[in-house]
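K.L.:
One structure is given below, represented as structure tokens, and several questions about it will come after.
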Amino acid sequence: MAGTILTRLLTDTRANTLAVGAAAILPLIGVIGGGVDASRLYLTKARLQQACDSATLAARKTLGGNTIAEGEIPDNIRDVADDFFENNFVDGMYGSENAEFELTAGNATRMDGVATVAVPTTMMGIFGFEEVDLNVECSAELNLPNLDI
């Protein structure tokens, strides 16, 4: 009896559109959700990179012709970098969370920066991707060539 019911369902072509439409909803949500989340991630990472770059450039400009001794960055330079980062990457931009920026001295004349942020997903949470962590690196260095003319 069970074999005949399954055979009839397999050969019955009525209402196939409904079954195909219902089966296609989940993959469509994945494709559309992936596109929406990927675009948000791209925008967030581009803006995070811009903020990181501006912070390290501002820190390097503030340092001027001075050098960093023993890897210790003065507080005023660190404050300038943090201000530039916070002004260029506002907390909660594109739904992001926990934005952090860390400035380090690459050498006596170079500033290095690392910025991280967590971006919660919208649609991809259905498929187990609750959050994506983004990281960017940046640096700024003053090079003064020695020219003898």
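K.L.:
Assess whether ALA55 counts as being crowded, with 16+ Cβ neighbours inside 10 Å, under 23 Å from THR121 (Cα atoms) and aliphatic (A, V, I, L, M).
P.N.:
no
K.L.:
Of the numbered conditions (1) of a type outside the set (D, E, K, R); (2) open to solvent by 40 Å² or more (accessible area, probe 1.4 Å); (3) within 20 Å of ASP133 (Cβ to Cβ); (4) modelled with pLDDT of 90 or more, LEU48 fails exactly one; give the number of that condition.
P.N.:
Result: LEU48 passes all but (2).
K.L.:
Now a separate question. Looking at VAL114, VAL132, which one is within 18 Å of the chain's Cα centre (by Cα), more than 18 Å from ILE73 (Cα to Cα), of a type in the set (A, V, I, L, M) and open to solvent by 30 Å² or more (accessible area, probe 1.4 Å)?
P.N.:
The conditions single out VAL132.
K.L.:
Another one. Would you check which residues across segment 94-111 are within 11 Å of the chain's Cα centre (by Cα) and at pLDDT 90 or above and list them?
P.N.:
SER96, GLU97, ALA99
K.L.:
Output yes when any residue across segment 44-61 is among the basic types (Lys, Arg), more than 30 Å from LEU142 (Cα to Cα) and touching a residue at least 12 places away in the same chain (Cβ under 8 Å), and no when none is.
P.N.:
The answer is no, given that none of the residues of segment 44-61 is among the basic types (Lys, Arg), more than 30 Å from LEU142 (Cα to Cα) and touching a residue at least 12 places away in the same chain (Cβ under 8 Å).
K.L.:
Output yes when any residue across segment 70-89 is of a type in the set (Lys, Arg), within 26 Å of the chain's Cα centre (by Cα) and over 22 Å from ASN107 (Cβ atoms), and no when none is.
P.N.:
So far as segment 70-89 goes, no, none of its residues is of a type in the set (Lys, Arg), within 26 Å of the chain's Cα centre (by Cα) and over 22 Å from ASN107 (Cβ atoms).
K.L.:
Just the residues that are β-branched (Val, Ile, Thr) and open to solvent by less than 40 Å² (accessible area, probe 1.4 Å), please, taken from segment 59-79.
P.N.:
Across segment 59-79, the qualifying residues are ILE68, ILE73, ILE77.
K.L.:
So, one more: Scan segment 20-29 and tell me whether some residue there is farther than 25 Å from PRO120 by Cα and open to solvent by 90 Å² or more (accessible area, probe 1.4 Å).
P.N.:
Scanning segment 20-29 turns up at least one residue that is farther than 25 Å from PRO120 by Cα and open to solvent by 90 Å² or more (accessible area, probe 1.4 Å).
K.L.:
When you look at ASN146, is it among the polar types (S, T, N, Q), part of a strand (DSSP E or B) and open to solvent by 70 Å² or more (accessible area, probe 1.4 Å), yes or no?
P.N.:
Answer is no for this residue.
K.L.:
So which residues in segment 80-100 are surrounded by 18 or more Cβ atoms within 10 Å (Cβ to Cβ) and under 22 Å from THR67 (Cβ atoms), if there are any at all?
P.N.:
VAL80, ALA81, PHE84
The values are calculated or read from the model by the stated rules, or taken from the named source; none is laboratory data. Please read all numbers here as calculations on a predicted model, not as lab measurements. Here Cβ is always computed from backbone atoms with ideal geometry, including for glycine, and neighbour counts include all displayed protein chains. These area figures cover heavy atoms from the full protein model, side chains too; ligands, DNA and RNA do not enter into them. Shrake-Rupley method; radii C 1.70, N 1.55, O 1.52, S 1.80 Å.
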